[in-house]
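Data first, discussion second: the structure below is written as C-alpha cells.
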Amino acid sequence: MLGIILAGGQGTRLGKLTKSTAKPAVPFGGRYRIIDFTLSNCANSGIDTVGVITQYKPLELNAHIGNGASWGLSEQNGGVTVLQPYSASDGEKWFKGTAHAIYQNIEYIDRMNPTYVLILSGDHIYKMDYEAMLAYHQAKKASLTVGVIPVTNEEAKRFGIMNTDETERIIQFEEKPEQPKSNLASMGIYIFNWATLKKYLQDSYATDGSLEDFGHDVIPAYLEHNEAVFAYAFDGYWRDVGTIYSLWQSNMEFLSPNSTLNIGDRNWRIYSKALALPPMLLTESAKVKNSMIVDGCYVAGTVTHSILSQNVKVGENSVVKDSMVMPNAVIGKDVVIDHALIGERAIIGDGARVVGSNEEIAVAGYREVLGGEQHEKE
Amino acid sequence: MKKNRLCAIINLIEPAEALLPLTEQRPLGTLPFAGRYRLLDFPLSCISNAGINTVALFLPRNGRSVGDHVRSGKDWDLDSLRGGVFTFPYNDLAVVAAQQQAEARHHFYDNYIQFLRKSGAEYVVILGTQNVNNIDISALWRYHQQRNNEMTTVYKFLPAEQVAADDQVVTLTEYGKATSILPLAEANIPAAATMVPKSLAIHMIDVRRLIELLQEANREGQAGGLNLVLKHAVMQNNTSAFEYTGFQANIRSIQDFYAANMQMLLEKNYQALFFSERQILTKVKNEIPSFFSRDSQVENCLVGTGSYIEGTVTHSVIFRNVLINRRARISDSVIMQGSRIGAGTVIEHAILDKSVVIGPNLKLIGTAEQPLVIGKGQHVYQQKEVVTQ
C-alpha cells in the first residue's frame with residue numbers, strides 16, 4: 001500500500017501562524033510539527049513508501065521532511081518523496097483540489113505500482129494503525145474505505161457525515177448537514193483500490209474534470225456508481241487542528257499526562273526531525289508547574305500549564321500560563337503570556353503582555369516582534 | 001576546505017580505573033555527561049565542525065558502547081561519500097600478555113599506519129576524550145601551517161591550584177615552542193608560577209612524520225602507545241604550542257566527573273560550551289518532551305527530554321527519560337538516562353548511572369568530596385542495600 005499525504009493546504013484559519021509556512025509544518029506539542037503524526041503513523045503501520053503532496057509555502061515542510069530518515073522512511077526503493085506542482089508540455093499542474101492533486105501525480109503513483117492507495121491529511125493529531133484499516137478494506141472487498149470517527153450531534157453539522165447500513169457500507173454522504181442522520185464524521189482518510197480510482201480520475205479529466213475533491217466529488221461519484229464504499233470506525237484520540245482555538249486546545253490536551261493520545265507509548269512513537277540541542281537549563285529563579293519543556297530551552301521565569309518548544313527562552317519575572325510557545329521564540333523579562341500561541345522565532349520584549357482568554361486565544365505570529373524596544377539595544 | 005587534507009584520530013585508550021564503577025562496562029569516552037552527551041561527543045563535534053570527513057576511533061577493548069553511540073557517524077556528518085568513521089577495537093598493548101607482545105605490537109602500530117595511509121590526508125589531528133573542550137580545529141590547523149613545524153600541541157593556562165602533580169604540562173619556550181610534555185611534578189615549573197600550561201592531549205602532526213614515528217617506535221619495541229610516541233616527538237624540539245582559551249574540564253576521577261557536571265549548571269559555562277558558534281553534536285533521540293507535574297519543584301537544573309518529574313530537584317543534572325516520583329527530594333546529584341526514583345526518596349551528592357532503580361522512602365547521601373555512586377542498572381529497594389564508599 002502506498003501512502004499519499006495531502007500537505008498542500010494553506011490553513012487560512014490559522015492566520016498569522018501560517019502566513020509563511022504550510023499548516024502541516026506548524027509546530028505542535030513542544031517538539032513536533034503537525035505532519036509528524038501522520039508520517040509516524042505510516043512508519044509504524046509498515047508503510048515504507050509515502051508521497052507528500054505540497055503546494056502552499058513548502059520550504060519549511062521540505063526542510064523538515066528531508067529524505068525521510070527521521071521517520072525511518074529512507075529505504076532505497078521507497079521512502080518519502082515530496083511531490084510539488086510542476087509544469088509540463090500540456091500546461092502548469094497546480095492542484096485545484098485533493099482529488100485533482102492525485103490525478104496530477106498519477107505518474108508517481110504508477111511508478112510505485114501499488115494495489116491500494118492510502119490518502120491522508122497532513123493536519124490531524126492522532127495515532128492510528130493503517131494496517132488494520134487495510135485488513136478491514138480487504139475483508140469487506142471494498143473499492144473505497146473511509147476512515148470515520150463518531151462525533152456529537154452538534155459537531156456533526158461541521159463535518160462530512162457518512163450514513164451507513166448494518167454492514168457498515170456507506171449509503172449516503174452529506175456534507176455539513178443541518179439535520180445529521182448519523183454521527184460518523186469523515187476523517188479525510190481513504191483507502192482506494194488504485195486501478196479503480198485511476199480510471200475514475202482519468203475518465204473525469206478526459207471529459208468535464210468534475211472530480212476535484214474527494215469529499216465533495218469522488219465519494220458521491222463512487223456512491224452513484226454503486227462502488228463498494230465502507231466506513232472504518234476509529235475510536236481513539238483524533239483532532240483536526242485547523243483553527244487557532246483547536247490548535248491551542250489540542251496542545252493543552254497534549255499536556256495532560258492522562259491524554260488518551262498517550263504520546264509516551266514506546267510501541268507507537270511519534271518521530272520528528274530531532275536536533276542535537278543541549279539539555280534545558282532551569283535557573284534558580286525558575287518555577288515550572290504542570291508543563292512540558294524540551295531541550296535547548298532556558299527558563300528563568302514562571303511557566304504554568306504550558307508547553308515550551310525547542311530553544312525557547314523565558315526571562316526573569318516573566319509568566320507563561322496556559323500557553324504554547326513555538327521553537328526559537330524569545331520571551332524577555334517581566335512579560336505576561338496567558339492563553340496564547342507564540343509563533344516560531346517570535347520575540348516578546350521586556351514588559352510586554354500577550355494575554356488572551358478562553359474565548360479568544362492571543363497569537364504572536366511567526367517572527368513577530370512585540371514590545372520592549374529597549375531590549376534589543378542592551 | 002578541500003576534502004580529506006586533514007584527518008583525525010580519537011584515542012579512547014585512556015586511564016579509566018579512577019572512574020570505576022562508571023567505567024566498568026564502557027571506555028571513558030562513552031561516559032554520559034551534562035544531561036545528554038557522551039564525552040566522545042566533544043572531540044567528534046570539534047572534528048565535524050572543522051569539516052573533517054575521516055576519523056579513526058582507537059578503542060582499548062570491545063567497542064559496543066562506542067558503536068551504539070556513533071553508528072555510521074551520521075549525527076556528526078561523518079557518513080559522507082569520502083572518508084567516514086573507522087573503528088579499531090582491542091588496540092591496547094597494556095592488556096596483551098608478555099609472550100604475545102611482539103606480534104601484538106606490530107598489529108598495534110600497523111592499525112594506525114594503515115589508517116593514516118588510506119586517509120590520503122596531509123595532516124592528522126589527535127584527540128582524546130578525557131579533556132572536555134570545544135576547540136576550533138580549523139584555527140589550530142591554520143596555526144600549524146603558519147608555524148611550519150612538524151607538530152603542534154595544545155595547552156591551556158590554568159591556575160596552579162587546579163593542576164595536580166600527575167597532570168601533564170607543556171614546557172614552553174619564549175618563542176611559543178613546546179619542548180616537552182611532562183607530569184607537573186617533573187616539569188620544572190617555577191614554584192611562584194600562578195598559571196600553568198596544562199596539556200590538553202591534542203596534537204596536530206604531518207601524516208608522513210607520524211608514520212615515520214610509529215614505524216620507529218615499532219622497531220624500537222616501544223609499548224607505551226600513541227601518546228608516548230607523541231610525547232617523545234615533542235622532545236625533538238620541532239613542536240609549536242597552541243593556546244586554547246575556552247571551557248575545559250579534565251575527567252580523571254569520580255570527583256572530577258562530578259565537579260564537571262556541577263560546573264555545567266553555571267550559566268556562563270553552559271552558554272560557553274553549548275551555545276558557541278561550534279555546536280556540540282550527539283546521537284539524536286526521539287524522546288517526548290519532559291513533563292513537570294503540578295507539585296514538582298525544579299530549580300537550577302539541567303534536564304534532558306523524556307523525563308517525568310513530580311518531586312523536588314535542585315542543583316542537579318537530570319538526563320533523558322528519568323522518572324522522579326512524588327515527594328522525592330534530589331539535590332546536588334547526577335541522574336543518568338533511564339533511572340527511576342521512588343516516592344519520598346532523598347538523594348544528595350550522588351551519581352546514578354544509567355537505568356538505576358531506587359525504591360521509595362530511601363536515603364542516598366554522599367558528600368561533595370565523595371559523591372555516592374550507584375552502578376549501571378542496579379536496583380536498590382532497601383536501605384541496607386545502600387553502601388557508602
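The values are calculated or read from the model by the stated rules, or taken from the named source; none is laboratory data. Not measured: the values here are computed from a predicted model. Here the Cβ positions follow ideal geometry from the backbone for every residue, glycine too, while neighbour counts run over all protein chains shown. Heavy atoms of the whole protein, side chains included, go into the accessibility calculation; ligands, DNA and RNA do not. Shrake-Rupley method; radii C 1.70, N 1.55, O 1.52, S 1.80 Å.
Hey, what did chain B get for relative contact order, percent, Cα under 8 Å, at least 6 apart?
The normalised contact order for chain B reaches 14 percent.
How high is the relative contact order of the range B:251-382? Use alpha-carbon pairs under 8 Å, at least six apart in sequence, and give a whole percent.
15 percent
Output ³J(HN,Hα) for the range A:278-295: one whole-Hz value per residue in order, computed from phi by the Karplus curve 6.51 cos²θ - 1.76 cosθ + 1.60 with θ = phi - 60°, and x for Gly and Pro.
After applying 6.51 cos²θ - 1.76 cosθ + 1.60, I find x, x, 5, 10, 9, 7, 4, 8, 6, 10, 10, 9, 6, 9, 10, 9, 10, 5 Hz.
What longest region of chain B stays clear of GluC sites (Glu not before Pro) that DSSP places outside H, G, I, E and B and that have at most 16 other Cβ atoms within 10 Å?
B:25-121
Could you work out the mean count of beta carbons from other protein chains within 10 Å of each residue's beta carbon in A:251-257?
Whole-number average of other-chain Cβ neighbours for A:251-257 is 1.
As an exercise, take the mean of 1/r over every pair of distinct alpha carbons in the range B:123-279, invert it, and state the Kirkwood radius in angstroms.
16.6 Å
Taking only protein heavy atoms and a 1.4 Å probe, what accessible area per residue, in Å², does the range A:115-208 have with all protein chains in place?
Counting only protein heavy atoms, the per-residue value for the range A:115-208 is 45 Å².
Any idea what angle helix B:254-263 forms with the longest principal axis of chain B, computed on alpha-carbon atoms, 0 to 90 degrees, nearest 10?
It works out to around 80 degrees.
Kindly identify chain B as rounded, prolate or oblate by the Cα gyration tensor criterion: order the square roots of the eigenvalues as a ≥ b ≥ c, call it rounded if a/c is under 1.5, otherwise compare a/b with b/c, prolate if a/b is larger, else oblate.
Judged from the Cα gyration tensor, chain B comes out prolate (a/c at least 1.5, a/b above b/c).
Suppose we take every Cα in chain A and form the convex hull; what volume per residue is that in Å³?
Enclosed volume per residue, from the Cα hull, is 151 Å³.
Sorted by packing (mean other beta-carbon atoms within 10 Å per residue), highest first, where do A:158-165, A:24-31, A:117-124 land?
So the order, starting with the most tightly packed, is A:24-31, A:117-124, A:158-165.
Taking A:Lys93 as the anchor, which aspartates and glutamates have their alpha carbon closer than 15 Å to its alpha carbon, excluding any fewer than eight residues away along the same chain?
Hits, sequence-local ones excluded: A:Glu107, A:Glu212.
Over the range B:151-280, average the accessible area per residue using a 1.4 Å probe and give it in Å², no decimals.
45 Å²
Please report, as a whole percent, how much of the solvent-accessible surface of the range A:119-225 comes from carbon and sulfur atoms (probe radius 1.4 Å).
Carbon-and-sulfur percentage of accessible area, whole number: 48.
Return one whole number: the accessible area per residue of the range B:336-379 in Å², for a 1.4 Å probe.
35 Å²
Compute the angle between helix B:207-219 and the longest alpha-carbon principal axis of chain B, please, reported from 0 to 90 degrees and rounded to the nearest 10.
Roughly 90 degrees, rounded to the nearest 10.
Summarise the partner chain shielding of A:294-302 as one whole number: the mean count of Cβ atoms from other chains within 10 Å of each residue's Cβ.
4
Gap in Å between the Cα centre of the range B:193-212 and the Cα centre of the range B:287-320?
Between the Cα centres of the range B:287-320 and the range B:193-212 lies a distance of 41 Å.
Rounded to two decimals, what is the ratio between the C-alpha radius of gyration of the protein assembly as shown and 2.2 N^0.38 Å?
It is 1.10.
Alpha carbons only, please: Rg and Dmax for the range A:98-155, in angstrom.
When restricted to Cα atoms, the range A:98-155 yields Rg and Dmax of 14.1, 43 Å.
Can you tell me what the convex hull of the Cα atoms of the range A:152-229 projects to on average, as an area in nm²?
Over all viewing directions, the range A:152-229 projects a mean Cα-hull area of 5.5 nm².
Determine the distance separating the Cα centre of the range A:1-24 from the Cα centre of the range B:44-61; give it in Å without decimals.
If you average the Cα positions of each part, the centres end up 40 Å apart.
On a straight-distance basis, which lysines could pair with B:Lys156 in a cross-link, Cα separation under 30 angstrom, same-chain partners fewer than 8 positions away excluded?
List returned: B:Lys2, B:Lys3, B:Lys177, B:Lys198, B:Lys231, B:Lys268, B:Lys283.
Mind checking the mean number of beta-carbon atoms from other chains within 10 Å of the Cβ atoms in B:296-309?
Rounded to a whole number, the mean comes out at 6.
Quick one: pull the percent of accessible area on the range B:101-142 belonging to carbon and sulfur, 1.4 Å probe, ligands and nucleic acids left out.
45 percent
Just the number, please: Stokes-Einstein D of the range B:303-367 in µm²/s, Kirkwood Rh from C-alpha pairs, 37 °C, 0.692 mPa s.
299 µm²/s
What residues qualify as long-range amide H neighbours of A:Val52, i.e. H under 5 Å apart, gap of 5 or more or another chain, H built at 1.01 Å from N?
A:Ile5, A:Thr81, A:Val82, A:Leu83
Setting aside same-chain residues fewer than 8 positions from B:Lys363, which aspartates and glutamates have a Cα under 12 Å from its Cα?
In chain and number order, the partners are B:Glu348, B:Glu385.
Amide H of A:Tyr232 versus every other amide H placed in the peptide plane: which residues, excluding those fewer than 5 positions away on the same chain, fall under 5 Å?
Long-range HN contacts for A:Tyr232: A:Val146, A:Gly147, A:Val148.
Nearest 100 Å², what total accessible surface is buried between chain B and chain A (probe 1.4 Å)?
3100 Å²
Which distance in Å, rounded to a whole number, links the C-alpha centroids of the range A:307-355 and the range A:264-287?
Going from one Cα centre to the other spans 18 Å.
Counting only residues 5 or more places away or on other chains, whose amide H sits under 5 Å from the amide H of B:Asn134 once H atoms are built in the peptide plane?
Under 5 Å from the amide H of B:Asn134: B:Phe247.
For the pairs A:Lys57/A:Lys157; A:Lys23/A:Lys127; A:Lys19/A:Lys321, note any where the Cα-Cα span goes beyond 28 Å.
A:Lys57/A:Lys157
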